[in-house]
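Structure first, then comments.
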Amino acid sequence: MAKQSYQAPTGTRDFYPLDAAKRRFVLEAWRRASIIHGFEEVDGPTFEHLELYTVKSGDGIISELFSFTRDGGEKAYALRPEFTPTLARLYATKANSLPKPTKWFCTPTTFRAERPQRGRLREFLQWNVDLIGDNSPQADAEIIATCVSVLAGLGLTPQDVRVKVNHRQALADWLTSRGLPTDRHGDLFKLLDNKHKMPAPQFAQAIAQFGFTIEQADVFQKGIVRVTVDEVLPTGQKTDHVVDLTYFSEAVLPLSKELVAAGIIDWIDFDLSIVRGLAYYTGMVFEVHEASGAERAIAGGGRYDNLIELFGGPPTPAVGFGMGDVVLSLVLQDRGKFPTDEQVLELAGLRPDVYVLSNGMPEAELQVKPIVAQLRKLNIHARSTYKTTRNVGKLLQEAASMKARVALIVESATHATLKNLTTGEQTQPTPLPQAIALLTQRPA
């Protein structure tokens, strides 16, 4: 009978040790940026009641979810496609006892039942950062600054990625002022949200139905307008960033000033075409895109001042964003910013400090396991072989393949040699207590 082979489900990933270390690298970058900006970690269940998602997005979202009913049960559930509904539920439950503002982050595994393609999988990690209870431009800027912090920390620059910012209410005010009825704004926002999927002539034809000329369509097509902000920073340095408010209300100017104060204005493009299709956004919205436009959005978010109330909480302003690990990793790799395999192992703490072996003599071999145990009690990452060979050359090759820093070669019941596997330098046979003491002096 032929053996059955099994593959991972479509749109999911297997994580072998190096892959898991790379995932940990991204997670730690997210966590570090969150903490230095004052956000606290939260989490919730991997699955929720289905209605938690339909109350926000309607029944149409069900086809995009992995939903299920337990055998014999009556309630419908769904694997979480995002964290925002869970966050709103968590906040609404304890709204009266939580600090103002509340600053939370999480890095959950999320699931979406959609066709896998480059940059989009059915199971992925997502970094969520939310600031709840503050409706100021400063809060908006702080959210964007936290996002930029992780991008910069991973080695990306404003030449690599751009943070495209818009303001839905400001855009709506401008559309109303030029005669577009409010009941048509939603259709226009939907068109703008799908602009990247359309050739320029097709987009110009579609937007003409809303009363825009070809020249005006070009403004939406290019998307970028500039804003003028004259500020003196605390350092005394004067900034002069040109910002054109032709298409924006004065609501954008305070945000511009906060972005200057946060030191991130060089990352920012004010982009009329960024609307974030989700209907619950109420003000500032933004997306992070690779400068070349080759990949889908790296991150996206904005202000959602009505969502907490929708989930049973008091009226509460909120702003936040999400960033997936899939597109971020692709951009880092394409830009040569992802650490080498050896660096990833180093950062993840997976590189052994010491590889212990013997010269093959019986009295030396008897010391290997006790030495490994002693080193581990001293909080030193020590390994030895599981192979039957006692060939020193082969064992040193195994140590090198593990990227171990040092090999401790037991020469007898009382002495050992230390070999630096990076430089090749080797000590003379040294009494075991002294050799171990030398290892404890090495940086972990």
Relative contact order computed over the stretch 12-138 (Cα-Cα under 8 Å; 6+ residues apart), in percent: 27
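Assuming 0.36 nm per residue, please report the length gained on full extension of the stretch Thr109 to Arg184 beyond their Cα-Cα distance.
23.4 nm
Give me the number: length gained by fully extending Glu51 to Arg32, i.e. 0.36 nm times residue separation minus the C-alpha to C-alpha distance, one decimal in nm. Let's see the in-between values first.
Details: separation 19, 0.36 × 19 = 6.84 nm, distance 3.36 nm.
That works out to 3.5 nm of additional length.
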Sequence of Tyr53, Tyr6 once ranked by neighbouring C-beta atoms within 10 Å, starting from the fewest: Tyr6, Tyr53
Listed residue pairs exceeding 25 Å between alpha carbons, taken from Lys103/Lys164; Lys190/Lys337; Lys75/Lys103: Lys190/Lys337; Lys75/Lys103
Built amide H within the under 5 Å cut-off of Val356, gap 5+: Arg383, Ser384, Leu408
Principal axis dimensions, the stretch 351-440 - Cα atoms, whole angstrom, descending: 27, 26, 24
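Using only the Cα atoms, work out Rg/Rh for the stretch 71-188, with Rh taken as the Kirkwood radius, to two decimals.
When Rh is taken as the Kirkwood radius, the ratio is 1.03.
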Rg ratio (alpha-carbon, reference 2.2 N^0.38 Å) - the stretch 269-325: 1.28
Calculated log₁₀ intensity ratio I(q)/I(0) where the Debye formula runs over C-alpha points of the chain, q = 0.07, 0.10, 0.11 Å⁻¹: -0.49, -0.84, -0.95
Using a Förster distance of 45 Å, the FRET efficiency for Gln159-Leu98 (Cβ separation, nearest 0.05): 0.70
Dipole magnitude of the chain, debye to nearest 20 (Cβ charges: Lys/Arg +1, Asp/Glu -1, about Cα centre): 1480
Alpha-carbon centroids, the stretch 18-63 and the stretch 252-271: separation in whole Å: 27
Inter-label distance, nm, simple model (7 Å from Cα along the C-beta direction), Lys197/Lys337: 2.8
Leu310 paired with Glu64, simple spin-label distance in nm, labels 7 Å along Cα-to-beta-carbon: 1.2
Rounded tilt (10° steps) of 368-377 against the dominant C-alpha axis of the chain: 40
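Suppose R0 equals 22 Å. What FRET efficiency, 1/(1 + (r/R0)^6) with r the Cβ-Cβ distance, do Lys403 and Ala437 give to the nearest 0.05?
0.40
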Spacing of the two label points (7 Å from each Cα toward its C-beta) at Thr12 and Ala76, in nm: 2.3
Ranked list, fewest to most other Cβ atoms within 10 Å of each Cβ, for Leu253, Leu188: Leu253, Leu188
Angle between the chain longest axis and helix 392-401 axis [Cα atoms, degrees, rounded to 10]: 10
For Thr385, Thr440, Thr102, order by how many other beta-carbon atoms lie within 10 Å, fewest first: Thr440, Thr385, Thr102
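Normalised by the residues of the stretch 264-333, what does the relative contact order come to in percent, with Cα pairs under 8 Å and at least six apart?
24
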For the chain, built as a Gaussian network whose Cα springs stay under 10 Å, the top-fluctuating residue of Val356, Val163, Val344: Val356
Centre separation in Å (Cα based) which lies between the stretch 351-421 and the stretch 103-169: 45
Selected from Arg168, Arg23, Arg390 as most flexible by GNM, with the chain as the system and alpha-carbon contacts under 10 Å: Arg390
Ordering of 411-421, 316-326 by packing [mean C-beta count within 10 Å, highest first]: 316-326, 411-421
Furthest towards positive pole of dipole, Pro99, Leu192, Gln343, structure part the chain, Cβ charges: Gln343
Pairwise FRET efficiency - Thr388 versus Asn359, Cβ, R0 = 25 Å, nearest 0.05: 0.95
The stretch 351-440: relative contact order as a whole-number percent, Cα under 8 Å and 6+ apart: 32
Helix 137-153 vs. the chain, principal-axis angle (Cα, 0 to 90°, nearest 10): 40
Under 17 Å from the Cα of Lys377 - aspartates and glutamates, other chains or at least 8 residues apart: Asp353
Of Leu408, Leu90, Leu151, the one that fluctuates the most in a GNM where the chain has Cα springs shorter than 10 Å: Leu408
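Rule-based calculations on the coordinates, nothing more; no lab input. These numbers come from a predicted model, not from an experiment. Glycine gets a Cβ as well: all are built from the backbone with ideal geometry, and neighbour counts include every protein chain shown.
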